[in-house]
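Shown next, in structure tokens, is the structure this report addresses.
The values are calculated or read from the model by the stated rules, or taken from the named source; none is laboratory data. Quick caveat: nothing in here was measured; it's all calculated off a predicted structure. Neighbour counts run over all protein chains shown; Cβ positions are idealised from the backbone, glycine included.
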Amino acid sequence: MKVGVGLPVGNHRGTSPALYPAIRSMALQAEAIGLDSIWVYDHLLFRMPDLPESGAHEGWTLLAALAAITERVEVGMLVTGLRLRNPGLLAKMAATVDEVSGGRLILGVGAGWHDPELKAFGYPTDHRIGRFEEALQVLLPLIRTGSADFEGEWAIARNAVMLPPARPEIPILIAARGPRMLRLTARHADMSNLAWFASADDPLLAQRTAALDEACQADGRDPATLVRTVGVYIRLEGATTASPVRGQEGSPQITKDPEGVLRGFADGGFAHAIVWLDPFDERSLARLGAAVAGMRTAGG
């Protein structure tokens, strides 16, 4: 199983504001200790009930910078909410970051979930899944075939072409929960993401995995052809922030066995774990690297 780490690119959920020198250092440390990927998220502003207002650096600008200073790790977006981006422009952005990285991009997309940021910056909040589905009709052909010609209610591309061409093999990851999004994942994605979970034994993870399998089967797709990724929350000594799992009460327990946590997801058939560390500092990142090394020594 590949293991990556989500970088703290803002001050979401009580974390300290991250400045680029610190993010850069963490990305380089993640690569040096043998992790497989680094990830950023794509948000503008967080306005959550009962939490201080917070925000993040612009994700694609940051991902381009990280692509330029790393050499081996995959660089991923978890995920771009397509209501924030014109899909044709996003295809160009993704192709450019992939070029900068030397072919290491994972393009994660979703429908978006945090309407307060959309309202604040003037983006539409209606027809969430419909807009996402139409955006795919522009984004995917531009990347995979080099051209798109589509006119929907919200997304339009008139004989658009991708020059210079994108790498057609850029993996498309879709984060999905509900039935319509699972159907679109089964139909269009190379990779799926289920997040966030502190344990592979979480019954909700089993439910969502089964629902994704059913969506693939309903679309005539072998579920084994969809690469499964999972967002993993590892809480270590010194953790102070709230759980990143929406709807979860409290926070997962502090673990003294991050290797065991990862092994549970590997045994569950996931191909790639994307870890959110709490706290996120050099010591925690080193512990994650040691856990990954131990898992691989044992054959995980």
Report summary line: Filtering the range 258-282 down to residues that are surrounded by fewer than 20 Cβ atoms within 10 Å (Cβ to Cβ) and modelled with pLDDT under 95 yields Pro279, Asp281, Glu282
Requested in this report: Take the residues in the range 256-283 that are β-branched (Val, Ile, Thr) and in contact with a Ser or Thr (Cβ under 9 Å, 6 or more places away or on another chain), then tell me which one is farthest from Val75 (Cα to Cα).
Outcome: Val261
Report task. Could you list all residues from the range 52-99 that are closer than 18 Å to Arg167 by Cβ, of a type in the set (S, T, N, Q) and in contact with a Gly (Cβ under 9 Å, 6 or more places away or on another chain)? Result -> Thr80
**Report entry** Every pair of residues 6+ apart whose Cβ atoms lie under 7 Å, when the first sits in the range 151-174 and is on the phi > 0 side of the Ramachandran plot while the second is surrounded by 13 or more Cβ atoms within 10 Å (Cβ to Cβ)
**Finding:** Asn159/Asp149
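Can you give me the number of residues within the range 203-228 that are in a helix (DSSP H, G or I) and either touching a Ser or Thr at 6+ places or on another chain (Cβ under 7 Å) or not basic (Lys, Arg) (or both)? Step through it out loud before you land on a result.
First pass over the range 203-228, keeping only residues in a helix (DSSP H, G or I): 203-218, 223-225.
Narrowing the set further to residues that are either touching a Ser or Thr at 6+ places or on another chain (Cβ under 7 Å) or not basic (Lys, Arg) (or both) leaves 203-207, 209-218, 223-225.
The number of residues fulfilling the criteria is 18.
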Query raised in the report: Out of the range 96-127, which residues are over 16 Å from Val40 (Cβ atoms) and in contact with a helix residue (DSSP H, G or I) (Cβ under 7 Å, 6 or more places away or on another chain)?
Result: Ala111, Leu118, Tyr123, Pro124, Thr125
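Scan the range 251-300 for residues that are hydroxyl-bearing (Ser, Thr, Tyr) and without any contact (Cβ under 8 Å) to a residue 12 or more places away in the chain and report the count. Show your work before the answer.
Quick first cut of the range 251-300, residues hydroxyl-bearing (Ser, Thr, Tyr) only: 251, 255, 284, 297.
Subset that is without any contact (Cβ under 8 Å) to a residue 12 or more places away in the chain: 297.
Looking only at that region, the number is 1.
Would you check if Trp196 is within 20 Å of the chain's Cα centre (by Cα), among the aromatic types (Phe, Trp, Tyr) and either closer than 23 Å to Val40 by Cα or modelled with pLDDT of 95 or more (or both)? Write out each step before concluding.
Numbers: within 20 Å of the chain's Cα centre (by Cα): yes; among the aromatic types (Phe, Trp, Tyr): yes; either closer than 23 Å to Val40 by Cα or modelled with pLDDT of 95 or more (or both): yes.
So Trp196 fits the description; yes.
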Query raised in the report: Can you find even one residue in the range 244-256 that is modelled with pLDDT of 95 or more, of a type in the set (Gly, Ala, Ser) and over 19 Å from Val292 (Cα atoms)?
Result: no
Report task. Under 8 Å between Cβ atoms, at least 6 apart or on separate chains: pull out the pairs that start in the range 199-212 with a residue that is farther than 23 Å from Asp257 by Cβ and end on any residue that is assigned to a helix (DSSP H, G or I) and not acidic (Asp, Glu). Result -> Ala211/Pro179; Ala211/Leu182; Leu212/Leu182; Leu212/Thr185; Leu212/Ala186; Leu212/Pro223
Report summary line: The one condition Arg208 fails out of (1) surrounded by fewer than 20 Cβ atoms within 10 Å (Cβ to Cβ); (2) within 17 Å of the chain's Cα centre (by Cα); (3) modelled with pLDDT under 95 is (3)
Query raised in the report: Is one or more of the residues making up the range 23-46 among the hydroxyl-bearing types (Ser, Thr, Tyr) and over 18 Å from Trp276 (Cα atoms)?
Result: no
